[in-house]
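Here's the structure, in structure tokens; my notes come after.
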Amino acid sequence: MQHKDKELNYLTRSLLHHPSPYIIYELDGSIAWANMAAKYIFNLSNLKQVSIKNIDDEIKNNFGDLESIALYYDTPIEITLRKINFFMRTRVHMIPVSDDSGIMLIELLCSSRDGLNALKETIECIENNRIELAYQKQYDLNTKKITGVEALLRMQDGKGGYFANDKVIPLIEGEKLFSLIVLESLNQVKEFFKQKDAKGLSDVTLYLNVSAHTIMHEEFCKIFSKFVDENNIKPNEFGLEVTETAELEDMHKAGESLARLKEKGIKIALDDFGAGYASLKYIKDLPIDVVKLDRHFTSNISDSSTARLIQFVADVCLELDLEMIGEGIETEVEKEKMINLGCKVGQGFLMHKPSFLDDIEIEN
Ligand code: C2E
Ligand code: MG
Ligand code: MG
């Protein structure tokens, strides 16, 4: 490292074991130093494996002076790691170390130790093409006809298993990095569309899970529209299951994004309804087609107040002309009760366990 200043030495020593990833950036784009956490998430054996694409001139030229408090900027930065490029949320600290120069200390924003691991695992999966999709069928519970198929992310852990979606996805789906996963998923969904007729799934809707972060992003609305156009996907053949609706702060904007997707013939399902933040307000205010009742309700269906709630949701869906899908049906008893409460479509291990495209067999 070129900077020999005592201050800098002190700074790097104190940040070396800091739980947040830090890097020191040279104005030529190279990285002069990285702490342990940064080396960990990028799996770095050599600082040359990582560089920064561009940094705003406004930031570059604004170090302040020796008497001033160091400045900082919260800004996403494009990182090149070996062969992949992605954006990360960062805080750039501009620290003046002499009258005519300073250092750019870049803190990669990361919520927790678990968040750090999730970032590392995601980067590893993207770099090593360890992203797959499993598919789970949805059925008309009365006729047993297949009505839809949900694509579920499977990220290989490199040891023969898969990371638990519920643990990893919530930690990373707000990250720009996650867009690489969405793009790869879309790429793989193309294969599903190529094979769906041969698998006896001609009339079904293929649903992809997306978080509110994703649909609020204008770029993604364009990507999904383009996907539908380029692959000649017919109306209602493709749908999005929207999760993490807590992030839909701006309901008006969310409604507009969803309306645009609907115009392209993309079906919109509200996922995990009744759990967390997916509330009645969304049914009222968002242009959705399908309500997916969280599997928590199904597993407690023997409880009489839960059963009444399921019936209430079924009535609301009927009234508003929305489809309802019951999630997590594991037993015949649950299935029968769902039918009796007015839920006509369901999904769960009883009917079909998620499986890879190659393993999906034709059903009669
Ligand atoms: P989800 O969208 O509600 O997906 C249903 C989850 O319940 C899946 O878990 C599925 O394997 C599981 N499941 C299905 N039937 C049953 C059942 O009868 N019993 C039980 N106990 N579980 C059942 P998975 O694949 O681990 O996914 C968990 C969550 O991760 C998903 O919940 C979804 O929120 C998220 N997720 C999955 N794939 C993606 C993706 O590609 N993008 C995003 N943003 N989120 C995803
Ligand atoms: Mg889902
Ligand atoms: Mg769900």
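Can you work out which of the residues in region 318-343 that are among the acidic types (D, E) and away from ligand 2 (no atom under 16 Å from the Cβ) is surrounded by the most Cβ atoms within 10 Å (Cβ to Cβ)?
Filtering region 318-343 for residues among the acidic types (D, E) gives 319, 321, 323, 327, 330, 332, 334, 336.
This time we only want the ones that are away from ligand 2 (no atom under 16 Å from the Cβ), so: 319, 321, 330, 332, 334, 336.
Details: E319: 8, D321: 7, E330: 14, E332: 9, E334: 22, E336: 13.
The selected residue is E334.
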Just one of N236, N232 is more than 20 Å from D289 (Cβ to Cβ) and surrounded by fewer than 16 Cβ atoms within 10 Å (Cβ to Cβ); which is it? N232
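Only one residue in E78, E124 is assigned by TED's automatic domain parsing to the domain that holds M155, among the charged types (D, E, K, R) and surrounded by 12 or more Cβ atoms within 10 Å (Cβ to Cβ). Which one? Full working, then the answer.
On the way: E78 fails: assigned by TED's automatic domain parsing to the domain that holds M155.
Testing whether each residue is assigned by TED's automatic domain parsing to the domain that holds M155, among the charged types (D, E, K, R) and surrounded by 12 or more Cβ atoms within 10 Å (Cβ to Cβ) leaves just E124.
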Considering S98, S68, which residue is more than 19 Å from A32 (Cα to Cα) and assigned to a loop (DSSP other than H, G, I, E, B)? S68
Every residue from region 157-166 that is more than 16 Å from ligand 2 (Cβ to nearest atom) and out of contact with any strand residue (DSSP E or B) (no Cβ under 7 Å at 6 or more places or on another chain): D157, G158, K159, G160, G161
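Does at least one position in region 29-52 carry a residue that is in a loop (DSSP other than H, G, I, E, B), in contact with a Pro (Cβ under 8 Å, 6 or more places away or on another chain) and modelled with pLDDT of 95 or more? Lay out the reasoning, then the answer.
Residues of region 29-52 in a loop (DSSP other than H, G, I, E, B): 29, 35, 43-46.
Then drop every residue that is not in contact with a Pro (Cβ under 8 Å, 6 or more places away or on another chain), which leaves 35.
Then keep just the ones that are modelled with pLDDT of 95 or more; that gives 35.
Yes.
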Filter result for K194 (basic (K, R), part of a loop (DSSP other than H, G, I, E, B) and either surrounded by 21 or more Cβ atoms within 10 Å (Cβ to Cβ) or in the same structural domain as I266 (by TED's automatic domain parsing) (or both)): no
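Specify which of the listed residues (G174, G200) is part of a loop (DSSP other than H, G, I, E, B), of a type in the set (G, A, S) and within 16 Å of the chain's Cα centre (by Cα).
On the way: G200 fails: within 16 Å of the chain's Cα centre (by Cα).
From the options G174, G200, the qualifying one is G174.
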If you go through region 247-258 one residue at a time, do you hit one that is acidic (D, E) and within 16 Å of ligand 2 (Cβ to nearest atom)? yes
Suppose we keep only residues that are β-branched (V, I, T) and closer than 30 Å to I339 by Cβ within region 93-148. Which one would you say is nearest to the chain's Cα centre (by Cα)? T147
Mind listing whichever residues of region 290-349 are without any contact (Cβ under 8 Å) to a residue 12 or more places away in the chain and within 16 Å of ligand 3 (Cβ to nearest atom)? N300
Could you figure out which of (1) buried (at least 20 other Cβ atoms within 10 Å of the Cβ); (2) within 16 Å of ligand 2 (Cβ to nearest atom); (3) at pLDDT 90 or above isn't true of L201? (2)
Kindly indicate the residue of region 262-276 that is in a strand (DSSP E or B) and charged (D, E, K, R) and also farthest from ligand 1 (Cβ to nearest atom) among those meeting that condition. K267
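Residues in region 78-95 that are assigned to a strand (DSSP E or B), of a type in the set (D, E, K, R) and more than 19 Å from W33 (Cβ to Cβ): how many? Walk me through it before giving the result.
Going through region 78-95, the residues assigned to a strand (DSSP E or B) turn out to be 78-81, 84-95.
Next, from what is left, pick out any that are of a type in the set (D, E, K, R): 78, 89, 91.
Subset that is more than 19 Å from W33 (Cβ to Cβ): 78, 89.
Looking only at that region, the number is 2.
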Can you tell me which residues in region 212-253 are within 25 Å of S202 (Cα to Cα), more than 16 Å from ligand 1 (Cβ to nearest atom) and either touching a Gly at 6+ places or on another chain (Cβ under 7 Å) or charged (D, E, K, R) (or both)? K226, V228, D229, E230, K234, P235, N236, E237
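Could you look through region 141-156, keep only residues that are assigned to a loop (DSSP other than H, G, I, E, B) and not hydroxyl-bearing (S, T, Y), and pick out the one that is nearest to ligand 2 (Cβ to nearest atom)?
Initial filter on region 141-156 (assigned to a loop (DSSP other than H, G, I, E, B)): 141-145.
This time we only want the ones that are not hydroxyl-bearing (S, T, Y), so: 141-142, 144-145.
Numbers: L141: 18, N142: 22, K144: 21, K145: 20 Å.
The selected residue is L141.
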Residues of region 351-364 that turn out to be among the hydrophobic types (A, V, I, L, M, F, W, C), surrounded by fewer than 17 Cβ atoms within 10 Å (Cβ to Cβ) and modelled with pLDDT of 95 or more, as a count: 1
Index of the failed condition, I169 passing every other in (1) more than 16 Å from ligand 3 (Cβ to nearest atom); (2) part of a helix (DSSP H, G or I); (3) hydrophobic (A, V, I, L, M, F, W, C): (1)
Can you tell me which residue in region 257-286 is nearest to ligand 3 (Cβ to nearest atom), limited to those that are of a type in the set (K, R) and under 21 Å from L186 (Cβ atoms)? K267
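The values are calculated or read from the model by the stated rules, or taken from the named source; none is laboratory data. Note that this is a predicted model, so its numbers are computed, not measured. Please note: Cβ atoms are built from the backbone with ideal geometry, for glycine as well, and neighbour counts cover all protein chains shown.
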